[in-house]
Amino acid sequence: MANSSLSKLKILYLYDFFLHEMDPEDEEGVTLNDLLAMLKEKTGETFERKSIYSDISKINEYITDSRGYSGSEFIFREGNRYRRDELDDEILLTEARLISDSLRTTEFVPEQIYDKFESMFPAFFKADQHDSSRLYSRYKQDKKSSDNQTKYLLAFLRENINNKTAIRIKYGYKITTSIVGTDFVVTPLVLDWTNNHYYLVAIDNMSLFSRTGFERKATDDELKQSVKRFRLDRIARKTESLCKVKDAAKRIKEHMPEIYSALFETGEKTTAQRRHAIADEFLKYHDFSSDENKRRYISEYLSSSFEGFGSSHTVKTIRMTLEARDKEADGAWKNVLQAFSVFKDEFTIAAGSIGELEKEKKLTFAIEAPDVPPLYKFLFSIYTFDTVDLTIENLEIRERFKNYLTKALEALH
């Protein structure tokens, strides 16, 4: 094979395989036979084992010279398996996932863009793990990810999204090092990266129960109405997959007493058979009728929700004005636009409501948002901007906001 033109190409196939198709965090590695099989599949030829040793040595020399690699060996051997090291200038697994999640939940990004991006990293994203809204990399719990609780939680959520498994989470607020909150059983759908936070978008199975009683299959519209968004840093790291539950009613009663009370202690007696049927449905993954509908409903939710609160009945149109505090300052108009972009990222901007007055360094617009407590928390955060003034033109919202602030001030006396 020394004179074969394919033998000159095999070093390129090996280089491409280790660089793009091997995960640096993969501790399993590949054997020499695996590499020979890969080359056989790519070229149709069988190569000598000793030629692989030589090629790996040349690749290591090239990486050191061309990429400024400072380690001992880019491709290294452990026992009878080959692994590869990380390069300083490459995108790593968690970074690639973050970019993919951002692209997939960003409006106006064509689907082929994130498909192309994920195809660039076959070690991280595999086509056989496709769910209705995204491709996720395989689930892998190793020393690095288990030491980092956020990485572990992301990996856990991705695994259950891929496997379509309901999960139990504790969601609330972080007090010292623990999450104090409420137990939820949810059907995990997608991960969303927005405003510098990861969110789990999921169907709240309790909300679904309140709509159907689990006496019939839920409609797609009922599933959509039961969707909520959970911020990742407010989810307790101790979570539970509910893929194999033998006695669902007993599990709920022993480990989720508040949920058990909400399901069964409502004043209406239920037979043991009916109780078991409800419990089984409650711990089940509930899916939309088609992948197309799932994509559409999730997209609609992400484009219109505000922290998962409210419904169409509570949405109000709220007109506002952003104005530069110092109109003569350099970047005054840019400051106004930056503040507006915060609104644009979080709320639906009413069609045709934007009025730009660049000369006056003023921008008027209307948002469509549910009248719920997080709205006022968000409005308060805008008042911390030193460079712009916000005027709320909706009298009802303004008065309610004033009452919240007054109560907060009184509590400080």
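The values are calculated or read from the model by the stated rules, or taken from the named source; none is laboratory data. Keep in mind the model is a prediction, meaning the values are calculated, not measured. Methodologically, a virtual Cβ is constructed for each residue, glycine included, from the backbone with ideal geometry; neighbour enumeration extends over all protein chains shown.
For the stretch 15-35, name all the residues that are buried (at least 17 other Cβ atoms within 10 Å of the Cβ) and part of a helix (DSSP H, G or I).
Those that are buried (at least 17 other Cβ atoms within 10 Å of the Cβ) and part of a helix (DSSP H, G or I): 15, 17, 18, 19, 35.
Of all residues in the stretch 57-72, how many are in contact (Cβ under 8 Å) with a residue 40 or more places away in the chain and touching a Leu at 6+ places or on another chain (Cβ under 7 Å)? Before you say what the answer is, go through the steps one by one.
Quick first cut of the stretch 57-72, residues in contact (Cβ under 8 Å) with a residue 40 or more places away in the chain only: 58-59, 62.
Pick out the ones that are also touching a Leu at 6+ places or on another chain (Cβ under 7 Å) and you get 59.
Residues that pass the stated criteria total 1.
In the list 329, 351, which residue meets the criterion of being within 30 Å of the chain's Cα centre (by Cα) and either hydrophobic (A, V, I, L, M, F, W, C) or in a helix (DSSP H, G or I) (or both)? Steps first, answer last, please.
Details: 329 fails: within 30 Å of the chain's Cα centre (by Cα).
On inspection, the qualifying residue turns out to be 351.
Do we find that residue 385 is assigned to a loop (DSSP other than H, G, I, E, B) and either among the hydroxyl-bearing types (Ser, Thr, Tyr) or surrounded by 15 or more Cβ atoms within 10 Å (Cβ to Cβ) (or both) in this structure? Reasoning before the result, please.
On the way: assigned to a loop (DSSP other than H, G, I, E, B): yes; either among the hydroxyl-bearing types (Ser, Thr, Tyr) or surrounded by 15 or more Cβ atoms within 10 Å (Cβ to Cβ) (or both): yes.
The answer is yes for residue 385.
Among the residues of the stretch 241-259, which ones are at pLDDT 85 or above and under 20 Å from residue 287 (Cβ atoms)? Spell out the reasoning first.
Step one: filter the stretch 241-259 for residues at pLDDT 85 or above, giving 241-242, 247-259.
Listed by number, the residues that qualify are 241, 242, 248.
Restricting attention to the stretch 174-190, does a residue exist that is more than 30 Å from residue 347 (Cβ to Cβ), in a strand (DSSP E or B) and out of contact with any helix residue (DSSP H, G or I) (no Cβ under 8 Å at 6 or more places or on another chain)?
For the stretch 174-190, residues more than 30 Å from residue 347 (Cβ to Cβ), in a strand (DSSP E or B) and out of contact with any helix residue (DSSP H, G or I) (no Cβ under 8 Å at 6 or more places or on another chain): present.
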